[in-house]
Amino acid sequence: MSHPMSRRRFLALSAAGVSTVGLAACGSRSKGASSIELQIASPAKPVKFALTSDNAAIKAGLSNEAGPLRIANFADYVAPELLDKFKSETGVTVELSTFGDDVEALSKISTGAFKVDLLMSTAIDLLPKYVALKLVQPLEKSYFTNYENLWDSVRDPFYDLGGQFSVPYTVFSTGIGFRSDLVAAPLEGDSGWDALWDPQYSGVAGLLDSYREAMALGLQHAGIDNINTESQTDIDAAVAELRKMFKASNPRLDVLGYQSIPEGTTTINQLWSGDILAAQGYLPEGTDSSVLGYWVPPIAKRVINNDAMSIMRSAEHPVLAHAFINFMLDPENAKINQAYIGYQSTLKGFEAETLVAEGTIPENLANALVTQDDFTKGLRILALPAAADKMWQDAWSSLRTGA
Amino acid sequence: MAWMALFFIVPFYSVAAVAFGQVDPIRQSAVPEWNPRYWDFTLFTDVMHRVVNGDLGTVFIRTALYVVLAVAGCVVVGYPVAYFVSREAGKWRAALLVLMILPYWVSYLMRMLAWVNLLQPQGWMAQLLSHLPAGNRNWLSGQPITVVFGLVYGYVPFFILPLYATLDRIDGRLLEAARDLGATSRQAFWRVTLPLSRQGLMAACVITALPMVGDYYTNNLLSASPRTEMVGNQIVFFLQQTTQPQVGASLVLMLSAALLVVMAGYLVSVNRAQKLVTR
């Protein structure tokens, strides 16, 4: 199974948000000439986007357009089989455009370089920008006959109360993936992170090349649970922790753990849960998936995130786009999709117990699945004010130099 | 002049416009500032400070070291090959020329990915190397030697061709004259072939060194460790993963300035050589 390498960069690439302040939208000579109010959400400050008369949802009961339906997504982040299936059911061809990262998607969509109907993997911390720039349209939920299949906990997400502009697509946690047959001892308990600081894994450890994820790990290892800190002191503490890690285990910095763990190039690797689920497809022939392991911290310290689907305001085929979202909310289709991309759907029936019981996910990877409860209780990597974001980026740049 | 404008001045000015421009805070993309009156040098100064006094200086020095070693590797591997094909290959010359061009048909990325497989702990090359002294190691775990090897392997075809063209143009009668005057074949090489191929050798070094300096994917694929981070990796980081494309553009400008010095040295050398020829 091929896999969306760049897709996993999304946190690193999309964390450039700013607080709820007016921001100049142009260059130096037009500073302050125009400003757009961004509504940055957090679980403590949920956001309900204001609807405007010049960006209304489509009417209910319209017939599908002739197509083709144009979709933008990360490479390999939707099962090709589903695109064929949608065509066989509706007679409409689906054209897929891919992008490398979320910022690129935002840039291409906002400049018109991408003329698509549906964005399948909207980064939730960029959603306020899509809404503020009026790039996405409100959803007409009467088209979503499968909407009830969504977990109750995701239907009213903090980043888009009422789900006015987005429908959750996948959900995942951040933890450590490992080959249980290659590690000295399985990672267990609350301090599994320590393994990445263990010199015995020097040269076979890996860290996500995402300044938000990697630095969040440094913060947590330094005993700081505010993974959206704006404090230079906290950042310095995280840097000090990560320097210790670099010295001890010399980790690879990339987002290829879903390949390197099953292949044995890295033994332990900071990883998104969807990657360890996808890793089963990269195991050498004859190697059983029982050798894969995943460790996550307790839910109070666990990072949880999700992607969402949104329809473009400029969509030429908005009814088809609604139909496709509804298609993806069908459990049968979601199962096909999850089998291909690895990442977990947020539909009922995709809970850990069910997936393990039916054999879709091996028991040793059950903790890679996110529960409805996790979705609301986990830590969230949120957009940062520009100054704080720069601080994080500079710190990560400095760490990367190996100086 | 039009050539210079199209392929040097315009791109260079565009990078400067990004480096000294702004960032769209909503779209997070660079907003180039084309009018120098409005250029903002704040970030550039910060980056310069990091390069001169701080952590980025380490990356520049490391990159320069890797490139020097890799170019030296290219000379060691590439010169004998180019020499053999141009002077000794005989009827096999055409076939060998095709073999030299063959690597161009396979993308650099694919060739590096092949080495990732070969150098994995279970890869047969890693297994083979493990029998050598100090060869039993994880070659993909942030080893500078692996990155330098990757650079040599990736760029040596670019080194061989221009050198071959120079060696091939050396008049064989000059070598015959040297031998007639009592020079051994080794002396003929050192006193005739090597001096006459100096310009081609320098051109080959420049042609390979320039892209090596900005290379980032060799390190990404064969190491990905902070211990082997190159300038290109930092540029890509700032351009693709952050909201500070100006920093990436500033690094490009600084790197270009350093390379201009090298290029200037090369051009002066060429100029001197041409003057000697026309005397």
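Residue-level check: of (1) acidic (Asp, Glu); (2) open to solvent by 10 Å² or more (accessible area, probe 1.4 Å); (3) under 24 Å from the mean Cα position of the chain (by Cα), A:Asp288 misses just (3). Quick one: which strands (runs of 3 or more DSSP E) lie wholly within the range A:28-129 and hold at least 1 residues that are under 25 Å from the mean Cα position of the chain (by Cα) and under 27 Å from A:Asp156 (Cα atoms)? By residue number, A:35-37, A:69-74, A:118-123. Restricting the range B:250-262 to residues that are small (Gly, Ala, Ser) and surrounded by 17 or more Cβ atoms within 10 Å (Cβ to Cβ), the residue that is farthest from the other protein chains (Cβ to nearest Cβ) is B:Ser256.
Could you please let me know if B:Val51 is among the aliphatic types (A, V, I, L, M), closer than 29 Å to A:Ala388 by Cα and at the interface with chain A (Cβ under 10 Å from one of its Cβ atoms)? Criteria not met by B:Val51.
Only helices (runs of 4 or more DSSP H) whose full extent lies in the range B:95-182 are considered here, and the ones with at least 2 residues that are within 14 Å of chain A (Cβ to nearest Cβ), open to solvent by less than 30 Å² (accessible area, probe 1.4 Å) and within 23 Å of A:Pro284 (Cβ to Cβ) are B:108-119. So for the range B:233-249 (the condition being open to solvent by 40 Å² or more (accessible area, probe 1.4 Å), more than 18 Å from B:Met48 (Cβ to Cβ) and more than 14 Å from chain A (Cβ to nearest Cβ)), does at least one residue qualify? There is no residue in the range B:233-249 that is open to solvent by 40 Å² or more (accessible area, probe 1.4 Å), more than 18 Å from B:Met48 (Cβ to Cβ) and more than 14 Å from chain A (Cβ to nearest Cβ).
Looking at the range A:366-387, can you tell me whether even one residue there is away from chain B (no Cβ under 14 Å), open to solvent by less than 40 Å² (accessible area, probe 1.4 Å), basic (Lys, Arg) and closer than 21 Å to A:Leu271 by Cβ? Yes, because at least one residue in the range A:366-387 is away from chain B (no Cβ under 14 Å), open to solvent by less than 40 Å² (accessible area, probe 1.4 Å), basic (Lys, Arg) and closer than 21 Å to A:Leu271 by Cβ. The residues listed here are A:Ala216, A:Ala238, A:Ala278, A:Ala321; of these, the one that is surrounded by 24 or more Cβ atoms within 10 Å (Cβ to Cβ) and within 22 Å of B:Gln122 (Cβ to Cβ) is A:Ala278.
Would you confirm whether any residue within the range A:320-336 is over 25 Å from A:Ser166 (Cα atoms) and out of contact with any Gly (no Cβ under 6 Å at 6 or more places or on another chain)? Within the range A:320-336, not a single residue is over 25 Å from A:Ser166 (Cα atoms) and out of contact with any Gly (no Cβ under 6 Å at 6 or more places or on another chain). Residue by residue through the range B:5-56, note down the ones that are farther than 30 Å from A:Val131 by Cα, of a type in the set (D, E, K, R) and either open to solvent by 80 Å² or more (accessible area, probe 1.4 Å) or not in a helix (DSSP H, G or I) (or both). Correct list: B:Arg37, B:Asp40. Taken together, the residues in the range A:189-221 that are over 25 Å from the mean Cα position of the chain (by Cα) and part of a loop (DSSP other than H, G, I, E, B) amount to 5. The residue list B:Ala209, B:Ala188 contains one member that is among the small types (Gly, Ala, Ser) and more than 18 Å from B:Pro80 (Cβ to Cβ), which is B:Ala209. The single condition from (1) in contact with a helix residue (DSSP H, G or I) (Cβ under 6 Å, 6 or more places away or on another chain); (2) surrounded by fewer than 24 Cβ atoms within 10 Å (Cβ to Cβ); (3) among the β-branched types (Val, Ile, Thr) that A:Thr233 fails is (1).
Can we say A:Ile124 is among the β-branched types (Val, Ile, Thr), within 13 Å of another protein chain (Cβ to nearest Cβ) and either open to solvent by less than 30 Å² (accessible area, probe 1.4 Å) or within 19 Å of A:Thr376 (Cβ to Cβ) (or both)? It is false that A:Ile124 is among the β-branched types (Val, Ile, Thr), within 13 Å of another protein chain (Cβ to nearest Cβ) and either open to solvent by less than 30 Å² (accessible area, probe 1.4 Å) or within 19 Å of A:Thr376 (Cβ to Cβ) (or both). The criterion of being without any contact (Cβ under 8 Å) to a residue 40 or more places away in the chain, among the polar types (S, T, N, Q) and in a helix (DSSP H, G or I) holds for B:Gln274. Set side by side, the residues A:Gly223, A:Gly189, A:Gly264, A:Gly162 differ, and just one is outside the structural domain of A:Val296 (by TED's automatic domain parsing) and either modelled with pLDDT of 95 or more or open to solvent by 10 Å² or more (accessible area, probe 1.4 Å) (or both), which is A:Gly162.
Applying the selection to the range A:297-311, what residues are within 14 Å of A:Pro43 (Cα to Cα) and of a type in the set (Val, Ile, Thr)? Within the range A:297-311, A:Val303, A:Ile304 meet the criteria.
Any residue in the range A:92-103 that is open to solvent by 30 Å² or more (accessible area, probe 1.4 Å) and of a type in the set (Gly, Ala, Ser)? Yes; the residues of the range A:92-103 include at least one that is open to solvent by 30 Å² or more (accessible area, probe 1.4 Å) and of a type in the set (Gly, Ala, Ser).
Filtered by the rule that a residue be assigned to a loop (DSSP other than H, G, I, E, B), within 14 Å of chain B (Cβ to nearest Cβ) and under 29 Å from A:Ala41 (Cβ atoms), the range A:228-280 gives a lone residue, A:Val255.
Restricting the first member to the range A:122-141 and to residues that are at positive phi, and the second to residues that are open to solvent by 20 Å² or more (accessible area, probe 1.4 Å), the beta-carbon pairs closer than 9 Å and six or more apart or on different chains are A:Lys134/A:Thr52; A:Lys134/A:Asp54; A:Lys134/A:Arg313. Exactly one residue among A:Ala57, A:Ala72, A:Ala66 is surrounded by 18 or more Cβ atoms within 10 Å (Cβ to Cβ) and either out of contact with any Ser or Thr (no Cβ under 7 Å at 6 or more places or on another chain) or not assigned by TED's automatic domain parsing to the domain that holds A:Pro138 (or both), and that residue is A:Ala57.
Identify the residue in the range B:205-232 that is outside any helix (DSSP H, G or I) and in contact with an Asp or Glu (Cβ under 7 Å, 6 or more places away or on another chain) and, among all such residues, is farthest from the other protein chains (Cβ to nearest Cβ). My answer is B:Met230.
The values are calculated or read from the model by the stated rules, or taken from the named source; none is laboratory data. All of these numbers come straight from a predicted model, not from anything done at the bench. Quick reminder, even Gly has a Cβ in these numbers, built from the backbone with ideal geometry, and neighbours come from all protein chains shown. Side chains included, ligands, DNA and RNA excluded: accessible areas come from the protein's heavy atoms. Shrake-Rupley method; radii C 1.70, N 1.55, O 1.52, S 1.80 Å.
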